[in-house]
Amino acid sequence: MTLFEKHQGSISKAIDALHARTFYAAFVEQPTTAVYGETADAEGQTKFKSRLGQKFEELKQGSPSSWAGQEESPYLQEPLNVSYPIFSTAALIERANTSFHQWRKVSAKDRAGILMESLDRVKARFFEVAYATMHTTGQGFMMAFQASGPHAADRAVEAIAAGYEELNRFPANALWDKPMGKFNLQINKEWRAVPKGISVVIGCSTFPTWNSVTGIYGSLITGNSVIVKPHPGAILPIAIFVAEIQKVLAENNLDPNICQLAVDTFDKMITKELAEHSEVKLIDFTGNSAFGSYLEALPGKTVFTEKTGVNSVILDSVDDVDKVAANLAFSVNLYSGQMCTAPQNFYIPASGIKTSTGAISFDEFAEKFVANVNGLVDNPKAGPFVLGAVQNKNTSVRVVDAEKIGGKVWLKSRSFENSQFKNARVATPVVIEVDGSKKEIFSKELFGPIALLIKTKNTDESIALAKEMAQKHGAISCGAYTTDATVREKIADEMSLASTPVSFNLVGGIYMNQNAAFSDFHVTGGNPSGNASFTNPEYVTKRFTWVGHREPVK
């Protein structure tokens, strides 16, 4: 049985899910013993701990120029001291070029089988990946497990399925038979899906696998060789993925350099060298807008970006204000606001939020919101695990500085005790009231646990401001609460024009931060928050070119 035959059922289900957009998950998101085994958690934790202070020697990339690594645990505020092989840009490019010409000749079926097999191997390491993610990003264990394990793997399967379908959209060959009266003109035609070449995937520090695997697997399924350039602060989780890809490639007599890990250090980064190299044709990037815009402007490159955005919540009318306040407080607390989909700007009319029993005033909602934030933070069984730790020291500084931006401070940021990790770098949300006229304050992303309660004249102004922020500065998500069908349609229509998806009236256990593979498009590519979308057809079709050849029938 070939690897494609082994995984064909899963690939078919994934393709069906792409069309249906209903719930589908290739991997189980809960770390249950029934699925992953009784000892999987303990073994994953042991494996992670055994890596500390050691060389990461799983990669099948020979002859490194040196070894280095600068990761630090936000929970321990100590270096991990894991070192990785370092290679020059020239060596990475040369190996990527050589392996590309082998990989592009591999059939789409065989590529799909190999890539699906690599994800099966990673599945056995989800717990190890989770602990690696915790201690590089600061995510709580459950988020680290889900986001870096099954959810990331689902996004990878989504890219494989989308790529495989597009590669098979047209026939490989056909007889073109045109009646010409007394004779027919017959031409044999063939079509080839030709990959672009070398792909560079630039990782981020907060979601090192979830934000990278779609580009990695999207480029690999379409026949491109890939250089994975992780953020220097979050290498280990994606290194495990790359190692498993390389192992399956080698087992199938293919060059493991088809997918390489390109580690660098903060004092000697090679991102620009790679991106600007003439042999690099594809670039995937997640990170700040300034660097993303620089990449988008590079000539001769096909670039896929997810950049920063200003995410809004429009509050018009609600059925149960307490459930709404609780839902939004959780969204702000989740991973200490360090998600690209986290809400920042909360637009609330000065007259308050309408309910069936009368209006809830601006101040009343602010009090309920703050109470829910504090309630979660002060819950020792939930708070530390929901908020996690702050990945970057600069984020902690930004949160403190936010108290000085102008406006009433409803809640100051503070620390809290994490019983498991006494030295964790933590920061609770800061909540500030801002007048709707003060656009200079809220027209930029304030990354981290920062919530701005913006007092507007009415819901129409709230909608206009949310739309303006998305069009001018980008937005990846938007939340909205209204019981009025007309207002709902206006929000949906206006935010659609700003290429921003809206989550309406979320309460309970679903939050605007979350995106589901096979159903939700992550980033639309239609506003300044990014030019690409996980995973629409364009995300994979731009990674290869259809080329046709023809010859008359003899």
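The values are calculated or read from the model by the stated rules, or taken from the named source; none is laboratory data. Worth saying up front: this structure is predicted, and the values here are computed from it rather than measured. Here Cβ is always computed from backbone atoms with ideal geometry, including for glycine, and neighbour counts include all displayed protein chains. SASA here: full protein model, heavy atoms, side chains in, ligands and nucleic acids out. Shrake-Rupley method; radii C 1.70, N 1.55, O 1.52, S 1.80 Å.
With only Cα atoms counted, the stretch 1-52 has Rg and Dmax values of 16.0, 44 Å. Which residues does the label zone of Ser443 cover in the stretch 329-370, counting backbone N under 16 Å from a point 7 Å along Cα→Cβ? Under 16 Å, as judged by backbone N against the label point of Ser443, lie 345 of the stretch 329-370. When the dipole is taken about the Cα centre of the stretch 381-530, and only Lys, Arg (+1) and Asp, Glu (-1) are charged at their Cβ, what size is it in debye, to the nearest 20? Using Cβ point charges on Lys, Arg, Asp and Glu, the stretch 381-530 gives about 700 debye. Per residue, the chain exposes 41 Å² of accessible surface when a 1.4 Å probe is rolled over the protein heavy atoms with every protein chain present.
Just reorder Phe23, Phe421, Phe544 by solvent-accessible area, largest first, 1.4 Å probe, all chains present.
Working: Phe23 180, Phe421 40, Phe544 10 Å².
Sorted descending by solvent-accessible area, the residues read Phe23, Phe421, Phe544.
By accessible area, using a 1.4 Å probe on protein heavy atoms only, the stretch 5-116 has 49% of its surface on carbon and sulfur. Close amide H partners of Phe304, meaning residues 5 or more places away or on another chain with modelled amide H under 5 Å apart, are Ile283, Asp284, Phe285.
Provide, for q = 0.13, 0.15, 0.28 Å⁻¹, the log10 of I(q)/I(0) from a solvent-free Debye sum over equal Cα point scatterers in the stretch 148-192. Cα-only, vacuum Debye calculation for the stretch 148-192: -0.52, -0.58, -0.92. Placing dummy labels 7 Å off each Cα toward the beta-carbon, the span from Ala382 to Phe170 is 5.4 nm. Roughly how large, in nm² to one decimal, is the mean projection of the convex hull of the alpha-carbon atoms in the stretch 464-554? That works out to 9.3 nm². Could you list the residues of the stretch 345-383 with an amide nitrogen less than 12 Å from a label point located 7 Å from the Cα of Met142 in the Cα-to-C-beta direction? Taking a point 7 Å out along Cα→Cβ of Met142, the residues of the stretch 345-383 whose backbone N falls under 12 Å are 381-383. Electrostatic tally near Asn531: other residues with Cβ closer than 13 Å to its Cβ, Lys and Arg +1, Asp and Glu -1, net -1. When only the Cβ of Lys, Arg, Asp and Glu is charged (+1, +1, -1, -1), the dipole of the stretch 192-265 relative to its Cα centre reaches about 220 debye.
Applying D = kT/(6 pi eta Rh) to the stretch 270-336, where Rh is the Kirkwood radius over alpha-carbon pairs, T corresponds to 10 °C and eta to 1.306 mPa s, the Stokes-Einstein value obtained is 105 µm²/s. For Ser415 and Phe266, FRET efficiency with R0 = 30 Å and r from the beta-carbon atoms, rounded to 0.05? About 0.70, to the nearest 0.05.
For the stretch 72-144, the Cα gyration tensor yields ellipsoid semi-axes of 32, 21, 8 Å (square root of five times each eigenvalue, largest first, whole Å). For the stretch 82-232, the C-alpha radius of gyration sits at 1.37 times the compact-globule guess of 2.2 N^0.38 Å, with N the residue count. Taken one residue at a time, the phi angles of the stretch 465-482 give Karplus couplings (6.51, -1.76, 1.60, θ = phi - 60°) of 5, 4, 5, 4, 4, 5, 5, 8, 10, x, 8, 9, 9, 8, x, 8, 10, 7 Hz. Gly and Pro are set to x. Taking the Cα centre of the chain as reference, the dipole from Cβ charges on Lys and Arg (+1) and Asp and Glu (-1) amounts to some 1260 debye. Between helix 150-167 and the chain there is an angle of about 40 degrees, using the helix long axis and the longest principal axis of the Cα atoms. Any idea how far the Cα center of the stretch 28-106 sits from the one of the stretch 235-301, in Å? Between the Cα centres of the stretch 28-106 and the stretch 235-301 lies a distance of 14 Å. Compute the helix-to-body angle for 393-402: its Cα long axis versus the longest principal axis of the chain, expressed 0 to 90° and rounded to tens. Once rounded, the angle reads 40 degrees. Of the residues Gly375, Thr456, Ala112, the one whose Cα sits farthest towards the positive end of the charge dipole of the chain is Ala112 (charges of +1 on Lys and Arg Cβ, -1 on Asp and Glu Cβ, taken about the Cα centre). Extension gain, Lys408-Gln54: 0.36 nm per intervening residue step, less the Cα-Cα distance, totals 122.5 nm.
Computed from backbone phi, the HN-Hα couplings of the stretch 411-424 come to 8, 8, 6, 8, 8, 8, 8, 9, 5, 7, 10, 5, 9, 4 Hz, rounded to whole numbers (Karplus: 6.51 cos²θ - 1.76 cosθ + 1.60, θ = phi - 60°; Gly and Pro given as x). Here the Karplus curve 6.51 cos²θ - 1.76 cosθ + 1.60, taken at θ = phi - 60°, turns the phi angles of the stretch 298-306 into couplings of 5, x, x, 10, 9, 10, 10, 10, 10 Hz, with x standing for Gly and Pro.
When the charge dipole of the chain is built from unit charges on Cβ atoms (+1 for Lys and Arg, -1 for Asp and Glu) and taken about the Cα centre, the candidate among Gly526, Asn224, Gly509 whose Cα reaches farthest toward its positive end is Asn224. Average 1/r across all pairs of distinct alpha carbons in the stretch 176-269, invert it, and you get the Kirkwood radius: 15.6 Å.
Heavy-atom accessible area, probed at 1.4 angstrom with all protein chains present, ranks Arg543, Arg125 as Arg125, Arg543, highest first.
Evaluated at q = 0.12 Å⁻¹, the base-10 log of the normalised Debye intensity for the stretch 346-497, with identical point scatterers placed on the Cα atoms, takes the values -0.59. Placing a pseudo-label 7 Å from each Cα along the Cα-to-Cβ vector at Val28 and Glu94 gives an inter-label distance of 4.8 nm. In the structure shown, the pairs Lys301/Lys393; Lys281/Lys472; Lys307/Lys542; Lys60/Lys422; Lys13/Lys490 are assessed against 26 Å; a Cα-Cα span above that value is assigned to Lys301/Lys393; Lys281/Lys472; Lys60/Lys422; Lys13/Lys490. Stretching the chain fully between Thr39 and Ser278 yields a gain of 81.3 nm (0.36 nm per residue, less the alpha carbon separation).
Dipole orientation for the stretch 262-326: of the candidates Ala297, Val321, Val310, Ala297 has the Cα lying most toward the positive pole (charges on Cβ; Lys, Arg +1; Asp, Glu -1). Measure nothing fancy, just the Cα-based angle from helix 3-20's long axis to the longest principal axis of the chain, in degrees from 0 to 90, nearest 10. The answer is roughly 50 degrees.
The residues packed around Leu80, meaning those with a beta-carbon under 15 Å from its beta-carbon, carry a net charge of +1 if Lys and Arg are +1 and Asp and Glu are -1. Taking all Cα pairs closer than 8 Å and separated by 6 or more residues, the relative contact order of the stretch 75-185 comes to 22 percent. So how far, in whole Å, is the C-alpha centre of the stretch 446-493 from the one of the stretch 361-417? Between the Cα centres of the stretch 446-493 and the stretch 361-417 lies a distance of 21 Å. For Ile198, the amide hydrogen comes within under 5 Å of the amide hydrogens of Lys281, Leu282, counting only partners 5 or more places away or on other chains and with H modelled in the peptide plane. Using the rule -39500 (n - 2.57) for each DSSP H run of four or more residues, divided by the residues of the chain, the 222 nm mean residue ellipticity is -12000 deg cm²/dmol.
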